[in-house]
Structures are given as C-alpha cells and as structure tokens.
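Working notes, beginning with the structure itself.
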Amino acid sequence: MRAKARLYPKEAARLLRERPGVREAVTGATLHFERNRLRAYGEIDAEAWRDRAKAVKDHLLSHLDHYLELAERRLRENGVKVHWAETPEEAHRVLREVVARHGVRRAVKAKSMLTEELGINPLLESLGVEVLETDLGEYLIQLLGEPPSHIVGPAIHLSLAEIQRLFHARFGTPLDAPPEALAQVARKVLREAFLTAELGISGANFLVAETGTLALMENEGNIRLSTSLPRVHVALVGLEKLLPRFQDLALFLPLTARAATGQRLATFVSLIQGPAAPGEEGPEEVHVVLVDNGRTALLQDPEAWEVLRCLRCGACLNACPVYRQTGGHPYGYVYSGPIGAVLDPGLLGLEEAYPLPYASTLCGACQEACPVRIPIPKLLLTWRQRAVAEGLSPAWEKGAMAAFAKVMASPALYRLFSRGLRGLPLPQGLLPLLRAWSEGRGPLTPSPRPFHQIWPELKEERHGG
C-alpha cells in the first residue's frame with residue numbers, strides 16, 4: 001500500500017471539513033467498543049491477564065529465531081508449504097506462483113491487515129484474479145474503493161444512510177432498506193464466491209510454534225468458509241504473530257476478544273493444522289508465508305521493539321480521543337490510531353511517518369487499554385525526539401523553539417518580552433504558532449502582573465499568616 005502518512009495534518013483537516021459525519025460515526029462506534037472492553041475487563045483479573053500476556057510476548061520476541069525455526073518445522077510436518085518473505089515483493093512472488101500453478105481466476109479473502117500492508121488485492125487484480133473481501137465491513141469498503149478505517153471495524157466511519165445509498169447504487173435495494181436486508185444481499189453475493197473460488201487468503205491472529213497451528217478469530221463465519229472451501233489456502237503471517245505453546249491460546253484468544261469487542265470469546269475460532277487428509281473436506285494445499293517487511297529491524301531497535309507485542313485488537317484506537325475525531329483514513333497507512341503512530345515510523349521509516357507521533361494528547365488511555373501493555377506514550381515521545389534530532393520538524397517550529405530557548409535563558413529578554421506581550425489583545429488564532437493550540441479553547445488572557453512580582457507578596461502573606 002502506498003503510504004501518505006506525511007500528509008496526516010492536511011488530510012485530517014480536509015476530512016473534518018468535507019465529511020463531518022465521520023466524527024459522529026467513529027465516536028459512536030469506538031465508545032461502544034470501549035464500554036464493552038471495560039465491562040469485559042471487569043469480569044476478570046485483567047491486570048494479571050495482561051501481565052501474563054506481556055510476559056509471553058516478551059519471551060517470544062526475545063527468542064524469535066528459535067520459535068520461527070520450530071514453527072517452520074512443525075508446519076512442514078503438518079503438510080503445510082512454508083515460505084519466507086522479507087519484502088512485499090517476495091510475498092507477491094509466492095502468490096504469483098500459486099495463481100499460475102492452479103489457474104486461479106477467483107479468490108476469496110478474509111480480513112487481514114497484513115494483506116493490506118502487502119498490497120495483495122492490487123497484485124491479484126493485476127494477474128486477472130477477481131478478489132472478493134468476505135468480511136462484511138471489508139466488503140463495504142471494497143465496493144467503495146476505500147482502505148480500512150479501523151483494525152477490527154474497517155467500515156465504522158460509514159453511516160447507515162451511506163451504506164443504504166451504496167447498496168441502492170450497486171444492487172438496486174431500496175434507499176430505506178434495513179441492515180438485515182442489506183446483509184442478505186451481501187451474503188448472497190459472497191456465498192456464491194465461496195463456492196466458486198479456487199483460492200482462499202487469510203492472515204492469522206496467532207501461529208503456535210509448538211504445534212504449527214494457525215488460529216483465526218471472527219464473528220461472521222467468513223474466515224472458516226474462506227479457508228476451507230477453496231482448493232488452496234494461503235495464510236500470510238507476520239513474524240510477530242507467533243505464540244510459543246498451544247496452551248498460550250487459552251490466554252490470548254479470550255484476552256484479544258475482550259480487548260477488541262468486549263466479547264468473552266470470538267463467535268468462531270478456527271484452528272488450522274494443515275491441508276485436508278484423504279477423505280476429509282478442506283483445502284488440498286495450505287501455504288504459510290512468514291512475512292518480515294521491517295519487523296526484524298524493529299525488533300533490533302532497543303527503544304521501539306515493544307510495539308511488536310501488538311495483537312491488532314484495536315483497543316487503543318477505541319480509547320483514543322484523537323482517533324475518534326477522524327477515523328483511520330487521514331493517517332495515510334494501514335495501521336492508524338495510537339498503534340499506527342508508533343508502528344508506522346518503524347515500518348515505513350520516520351521520514352515518511354513523522355507527523356503521526358504528534359497525533360496524540362499523551363493522555364495514556366491507549367496504554368491503559370492495551371492487553372499486552374505496550375507503552376505507547378513512551379514510544380510516541382521516542383519517535384518525536386528522533387524526528388527533532390533528524391531535523392524533520394518544520395522550519396518555523398525549529399526557529400520558534402530556538403527563539404523561545406534564547407528568551408527563556410535570559411532574564412532580561414524574558415522580562416522585556418513578557419512586559420511587551422502583557423496587555424496586548426490575543427484573539428483566538430492571531431498567532432500562527434498558537435493557532436493549533438487555541439482552536440477549541442477560549443481566548444488567551446495574560447495575567448496583568450508577572451509572577452515574579454506577585455511571588456514576594458505571596459511569601460509575605462504566607463509568613464505573616
């Protein structure tokens with residue numbers, strides 16, 4: 001996917017100006033998810049669960065080479081064809097070979113952020129393969145030609161009226177058709193696709209190294225159909241998605257569901273061991289593509305590696321007051337919200353994504369929601385510090401901070417400027433440097449007297465009292 005993360009400030013402003021309804025739709029959906037998460041966390045010893053999950057992921061990442069070799073060995077023992085892809089191009093090569101060997105003309109696809117990251121849909125379309133997203137939210141945005149707006153709810157930015165207009169234009173449904181009728185139309189289209197597709201594509205929530213088991217969570221049943229009906233199943237798996245032991249699923253499956261949607265467990269959990277044995281139903285071939293695409297470089301970064309604990313649950317997006325204003329599209333890349341702000345600079349390079357770490361109030365809500373305790377506020381500050389050190393901040397900002405530092409380091413200059421500014425009218429938006437801060441706040445009203453004049457009087461009152 002071509003990233004536009006550098007354009008975040010302009011794209012966020014444009015979306016708020018041109019599509020004001022997005023704020024209401026995203027805020028309503030994320031607050032609903034957040035309430036569900038808080039309730040679900042309240043049913044368990046959430047702190048202990050999160051501590052355990054963090055420890056398991058830290059152990060995995062500290063011994064990733066061992067578990068990758070073990071996973072490859074177990075997958076091959078299960079009859080799975082294993083491929084390694086350091087770059088998107090190498091993942092594309094695997095799919096080209098599968099398409100050519102099996103004469104694939106139609107593919108069904110389960111929701112997967114990694115396939116968005118790798119640009120799988122455009123690749124297959126260039127090969128003459130019809131690709132259908134089978135998650136209902138993904139199917140909606142595919143019809144619109146849009147990328148996902150949220151990790152778990154890709155279409156949460158759409159209102160019911162927008163979806164009704166879309167289906168009216170595409171399928172001739174009434175403009176006031178209820179959601180159930182719209183879902184029936186999508187189901188009819190997708191059921192036919194499941195039955196005729198030669199290739200099913202998925203990601204994986206987890207890959208268990210001990211047993212070579214792919215674990216996939218869903219609520220619609222589309223993943224189960226996508227991975228079992230076509231002759232060939234290809235799963236694209238990020239290196240960080242491994243778990244050491246099969247018993248770890250007993251923690252991670254319910255914890256991820258609680259964090260993502262507030263459910264005790266996803267409606268469907270598929271555990272895939274390999275291709276169908278003789279006499280069984282299922283795919284004839286299963287391929288697992290283990291994808292790096294910048295992950296090992298992040299793992300070697302002593303200040304940023306913790307982002308690789310991410311479960312892609314979306315809890316930090318639901319908790320974030322900044323994300324709620326626009327949804328995910330202005331972030332300009334697959335991963336948006338707080339996790340995107342700390343993951344994208346590592347995957348894309350800081351120069352391509354440096355505005356994203358500034359898209360935060362540093363309130364800490366993301367860290368409180370994260371099921372694996374990723375220290376997102378600390379990572380945001382890390383990327384901000386690097387952006388300044390690499391000279392990526394705007395020229396006016398660097399000049400302003402240099403002038404500010406000079407004034408603050410000189411008592412004479414400080415008193416001169418403070419005396420000059422005091423009493424001047426400072427209407428909202430007057431100073432370009434303050435405009436972003438002043439929007440949404442009342443007018444600035446400086447104190448009529450400086451603090452250094454007031455302080456002796458306060459000391460005298462205190463001692464006198």
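Bear in mind that the values in this text are calculations on the coordinates, not laboratory data. Since the model is a prediction, treat every value here as computed from it, not as a measurement. Methodologically, a virtual Cβ is constructed for each residue, glycine included, from the backbone with ideal geometry; neighbour enumeration extends over all protein chains shown.
From the C-alpha coordinates alone, can you work out the Kirkwood hydrodynamic radius of the chain, in Å?
Details: mean 1/r = 0.0409 Å⁻¹.
Taking every pair of different Cα atoms in the chain, averaging 1/r and inverting gives 24.4 Å.
Considering amide H positions built from the backbone, and no H for Pro or chain starts, which residues 5 or more places from L236, or on another chain, come under 5 Å of its amide H?
Amide H neighbours of L236, under 5 Å, 5+ apart: S202, G203, V289.
About the Cα centre of the chain, what is the dipole size in debye to 20, counting +1 per Lys and Arg Cβ and -1 per Asp and Glu Cβ, all else neutral?
Values: 55 positive and 53 negative charges, 320 e Å.
Here the chain has a charge dipole of around 1540 debye.
Each residue of segment 86-99 in turn: what ³J(HN,Hα) in whole Hz from Karplus with 6.51, -1.76, 1.60 and θ = phi - 60°, glycine and Pro shown as x?
Rounded to whole hertz, the list is 6, 10, x, 4, 6, 5, 4, 4, 4, 5, 4, 5, 5, 4.
Using only the alpha-carbon atoms of segment 247-373, report the extent along each of the three principal axes, biggest first, to the nearest angstrom.
That gives 56, 32, 28 Å along the principal axes, largest extent first.
What residues qualify as long-range amide H neighbours of D135, i.e. H under 5 Å apart, gap of 5 or more or another chain, H built at 1.01 Å from N?
Here the answer is K111, since their amide H atoms fall under 5 Å of that of D135.
Once the Cα gyration tensor of segment 44-293 is found, what semi-axes does its equivalent ellipsoid get, as square roots of 5 times the eigenvalues, in whole Å, sorted largest first?
So the three semi-axes of segment 44-293 are 30, 23, 16 Å.
Setting aside same-chain residues fewer than 8 positions from K398, which aspartates and glutamates have a Cα under 20 Å from its Cα?
List returned: E351, E352, E390.
What list of ³J(HN,Hα) values in whole Hz, one per residue of segment 173-190 in order, does the Karplus curve 6.51 cos²θ - 1.76 cosθ + 1.60 (θ = phi - 60°) give from phi, with Gly and Pro shown as x?
6, x, 5, 9, 4, x, x, 4, 5, 5, 5, 5, 5, 4, 4, 4, 5, 6
When the chain is fully extended, how far beyond the present Cα-Cα distance does E281 get from A402, taking 0.36 nm per residue of separation?
Details: separation 121, 0.36 × 121 = 43.56 nm, distance 6.85 nm.
That pair, E281 and A402, stretches by 36.7 nm at full extension.
With only alpha-carbon pairs counted, each pair once and no self-pairs, how large is the Kirkwood hydrodynamic radius of segment 1-148 in angstroms?
Values: mean 1/r = 0.0509 Å⁻¹.
The answer is 19.6 Å.
Quick check for me: using +1 on Lys/Arg Cβ and -1 on Asp/Glu Cβ, what's the dipole size of segment 44-293 about its Cα centre, in debye to the nearest 20? Please report the intermediate quantities before stating the final value.
Details: 26 positive and 35 negative charges, 91 e Å.
In total the dipole reaches around 440 debye.
So which of K57/K111; K111/K188; K54/K111; K54/K81; K4/K188; K81/K111 end up more than 28 Å apart by C-alpha?
Details: K57/K111 23 Å; K111/K188 18 Å; K54/K111 25 Å; K54/K81 30 Å; K4/K188 35 Å; K81/K111 22 Å.
Flagged as over cut-off: K54/K81; K4/K188.
Farthest toward the dipole's positive end in the chain, which of G391, I201, T134, given Cβ charges of +1 (Lys, Arg) and -1 (Asp, Glu) about the Cα centre?
With unit charges placed on the Cβ atoms, the residue in question is G391.
Taking the chain as a whole, which cysteines find no other cysteine Cβ under 4.7 angstrom from their Cβ?
So, C310, C313, C320, C363, C370.
What dipole magnitude, in Debye to the nearest 20, does segment 300-373 give about its Cα centre under +1 on Lys/Arg Cβ and -1 on Asp/Glu Cβ?
Charge dipole, segment 300-373, about its Cα centre: 340 debye, nearest 20.
Taking only DSSP H segments of four or more residues, each worth -39500 (n - 2.57), what value at 222 nm results for the chain once the sum is divided by all its residues, to the nearest 500 deg cm²/dmol? Mind dumping the intermediate values first?
Values: 23 runs with 246 residues, N = 465.
Taking each H run of at least 4 residues, the total per residue is -16000 deg cm²/dmol.
In whole percent, what relative contact order does segment 44-293 give with Cα contacts below 8 Å and a gap of six or more residues?
27 percent
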